[in-house]
1. Nearest 10 degrees is fine. How inclined is helix 5-21 to the longest principal axis of the chain, computing both from alpha carbons?
2. How would you rank ASP10, ASP29, going from fewest to most other Cβ atoms within 10 Å of each one's own Cβ?
3. Between SER63 and GLU20, what length in nm is gained on full extension when 0.36 nm per residue of separation is reduced by their alpha carbon distance?
4. Can you give the log10 of the normalised intensity I(q)/I(0) at q = 0.13, 0.20, 0.25 Å⁻¹, computed with Debye over equal Cα scatterers of the range 31-85?
5. Going 7 Å from the Cα of ARG81 in the Cα-to-Cβ direction, what parts of the range 31-69 have a backbone nitrogen less than 11 Å from that spot?
6. What net charge do the residues around ASP7 carry, taking every other residue with its C-beta under 13 Å from that of ASP7, with Lys and Arg at +1 and Asp and Glu at -1?
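Each value in this text was obtained by applying a stated rule to the coordinates, not by laboratory testing. Just so it is clear, the model here is predicted, and its values are computed rather than measured. Using ideal geometry, Cβ is built from the backbone for each residue, glycine included, and neighbour counts are taken over all protein chains shown.
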Amino acid sequence: MPRSLQDILDHADELARRFETHEPSDLHDGAPLRAGREAVTERAANKRRIVDTVFAAREAGVSWSAVGGMLGTSGEAARKRYGGHHVTSA
């Protein structure tokens, strides 16, 4: 059903009024979002620790096969994934 230009403008004005006067009634607890942020931060730190551990193992002469075994994968997969990483000072 076609609307007139005035109907569209009136509807837009009504929506704008609702938006401007809206008072949120369902305030959410931020704990789940904080927990998610902490989990992401921990995951990044754990990934960094894995890279550092692999680098230290390789510096100590540990084979890629042994590194892969430590990571639960093959030596070739470990080499492909971590062979190009270098430790940066933390």
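1. For 5-21 against the chain, the angle is about 60 degrees.
2. Working: ASP10 12, ASP29 7.
Least to most surrounded, the residues fall as ASP29, ASP10.
3. Working: separation 43, 0.36 × 43 = 15.48 nm, distance 6.43 nm.
The SER63-GLU20 span can extend by a further 9.0 nm.
4. Taking Cα atoms of the range 31-85 as identical point scatterers yields -0.39, -0.68, -0.89.
5. Within reach of a label on ARG81, which here means backbone N under 11 Å from a point 7 Å along Cα→Cβ, the range 31-69 contributes 47, 50-51, 68-69.
6. Details: positive: ARG3; negative: ASP10, ASP13, GLU14.
Taking every other residue near ASP7 into account, the sum is -2.
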